[in-house]
Amino acid sequence: MPLKSYGVLVGKCVEIRREDEDTASPHVSLFIQAGGQRFRAAINVKSSVAPSEVVYYFAQDFRHPVLERLVDLPEGFNKLAQTPSSGALDYIRGNLFPFQDVIALPANLPGLDNDLSDIVESLARRAIDDAQTRIFVFGEPFPDGIHDVHMNQGNVRKFERDDGVWQDGGLMIHSPGLSRWSAVFLAFQSQAIHTDDQTGHLEPGSLMFEDIVNGRAAPVKPAPGEPLPDQPLPDQPGPEQPKSGKPLPEPGQGDRLVRIVSAMVNPQGMEGQPGFAGEGEWVQLINLLPQDVELGGWAILNRNKGRSEIEAGTVLPGAGFLRVAINATAPLGNSGGLITLVDAQGLKVDGVSYTAAAARREGFPMGF
């Protein structure tokens with residue numbers, strides 16, 4: 001079942017406390033003043049499930065359509081519906097950041113800027129030092145505070161009761177003077193990168209963040225009841241590879257081997273109107289494998305999960321490009337949005353986001 005409640009705490013960060021002496025379950029606590037009340041945001045910096053190092057992604061200049069729903073929120077805790085249009089976060093469906101770029105760090109190490117506590121503290125320190133900057137903390141509320149400030153889906157069985165979609169945690173700061181947002185997203189290495197669209201439970205056979213960190217193309221820790229895949233021993237030859245010498249992805253594990261590289265979101269002319277004869281919306285894909293990829297049954301999804309199906313028999317050439325026409329019934333939209341590529345099993349292969357500002361220029365394609 002999903003979190004009992006979910007939302008975002010908005011206010012002024014006034015204090016930071018680290019728990020470096022706690023080796024079992026350390027947190028970084030941020031104290032936030034909002035609406036005359038003081039709140040505590042408890043940030044996990046170590047996992048209780050091995051591997052213990054938490055992964056993070058830091059966006060120095062974060063740009064995403066979700067920000068348009070957040071910028072005018074009042075101070076205090078704002079409850080958010082666990083839906084795509086509320087301002088809620090979903091690491092998988094919201095295309096917030098590329099999973100392949102996460103970094104795993106220990107909770108605390110001697111020195112500066114070399115552990116996760118340092119990363120969280122650095123972001124919060126900026127929010128303290130600038131009087132205008134507000135901090136946004138996503139998660140589940142508790143009396144006078146908020147926790148679960150991390151991914152909240154794809155958990156191992158011990159924690160799958162907390163699984164749900166559109167309820168992920170995270171940290172953002174907004175600096176009005178710079179017109180800039182920064183963000184930190186956190187996840188445990190034991191969490192899956194493919195989850196069920198209804199329950200948020202891990203999809204059988206999904207890669208875990210642990211696999212991403214270690215560059216694996218197949219999961220080492222399958223879902224309960226699944227056989228453990230054969231793994232070559234260190235310095236031993238693995239399974240026979242294709243003639244090209246390049247390993248092919250396992251079914252469902254082709255993440256970002258086909259990528260979205262550009263899109264025409266705002267074509268020239270009155271698209272969607274009677275008599276429109278110009279070029280419609282499209283999305284361009286690139287194949288990062290040397291082999292052809294059959295795309296029959298794949299689809300492009302817009303922010304509302306409207307589908308543009310790719311016809312059976314469509315082939316994306318090895319190391320080649322393909323332009324996919326967008327169905328008029330599933331437009332991408334000019335006010336900011338999401339573009340997601342899913343395979344024939346419905347698993348996400350790649351996803352990008354764009355803002356209203358990026359889509360403003362009519363007739364100009366945008367690159368990702």
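The values are calculated or read from the model by the stated rules, or taken from the named source; none is laboratory data. None of these values were measured; they are calculated from a predicted model. Neighbour counts are summed over all protein chains in view; Cβ atoms, including those assigned to glycine, are modelled from backbone coordinates with ideal geometry.
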| Do we have Phe321 as under 23 Å from Glu294 (Cα atoms) and touching a residue at least 60 places away in the same chain (Cβ under 8 Å) here? | yes
| Would you pick out the residues in the stretch 30-50 that are buried (at least 17 other Cβ atoms within 10 Å of the Cβ) and not aromatic (Phe, Trp, Tyr)? | Leu30, Ile32, Ala34, Arg40, Ala41, Ala42, Ile43, Asn44, Val45, Lys46, Ser47
| request: Have a look at Leu285, Leu316 and point out the one that is modelled with pLDDT of 95 or more, buried (at least 18 other Cβ atoms within 10 Å of the Cβ), at negative phi and in contact with a Phe, Trp or Tyr (Cβ under 8 Å, 6 or more places away or on another chain). | output: Leu285
| message | Quick check on Val165: is it in contact with a strand residue (DSSP E or B) (Cβ under 8 Å, 6 or more places away or on another chain) and under 24 Å from His27 (Cβ atoms)? | response | no
| Among the numbered criteria (1) surrounded by 13 or more Cβ atoms within 10 Å (Cβ to Cβ); (2) at pLDDT below 95, which single criterion is violated by Gln273? | (1)
| request: Could you please find all residues in the stretch 181-221 being of a type in the set (A, V, I, L, M, F, W, C), in a helix (DSSP H, G or I) and either touching a helix residue (DSSP H, G or I) at 6+ places or on another chain (Cβ under 8 Å) or more than 26 Å from Ala124 (Cβ to Cβ) (or both)? | output: Phe209, Ile212
| field | Cross-chain or 6+ apart pairs with Cβ under 7 Å, the stretch 340-368 first and within 18 Å of Ser206 (Cα to Cα), then modelled with pLDDT of 95 or more and aromatic (Phe, Trp, Tyr) | value | Leu341/Trp298; Val342/Trp298; Asp343/Trp298; Ala344/Trp298
| request: List the strands (runs of 3 or more DSSP E) that sit entirely inside the stretch 262-349 and contain at least 2 residues that are of a type in the set (A, V, I, L, M, F, W, C). | output: 282-287, 299-301, 321-325, 337-342
| field | Ala88 more than 21 Å from the chain's Cα centre (by Cα), of a type in the set (A, V, I, L, M) and in a loop (DSSP other than H, G, I, E, B) | value | no
| note | Subset of the stretch 119-164, residues small (Gly, Ala, Ser) and outside any strand (DSSP E or B), comes to Ser122, Ala124, Ala127, Ala131, Gly154, Gly164
| Residue identified as touching a His at 6+ places or on another chain (Cβ under 7 Å) and either crowded, with 16+ Cβ neighbours inside 10 Å or at pLDDT below 95 (or both) among Ala127, Ala187 | Ala187
| field | Residue check for Arg93: touching a residue at least 12 places away in the same chain (Cβ under 8 Å) and more than 24 Å from Asp163 (Cα to Cα) | value | no
| message | Quick check on the stretch 238-269: of everything there that is basic (Lys, Arg) and at pLDDT below 60, which residue is farthest from Val342 (Cα to Cα)? | response | Lys243
| message | For the stretch 10-32, check the following and say yes or no: at least one residue is of a type in the set (Asp, Glu) and assigned to a strand (DSSP E or B). | response | yes
| query | Which ones in the stretch 71-88 are crowded, with 19+ Cβ neighbours inside 10 Å and in contact with a strand residue (DSSP E or B) (Cβ under 6 Å, 6 or more places away or on another chain)? | reply | Phe77, Leu80
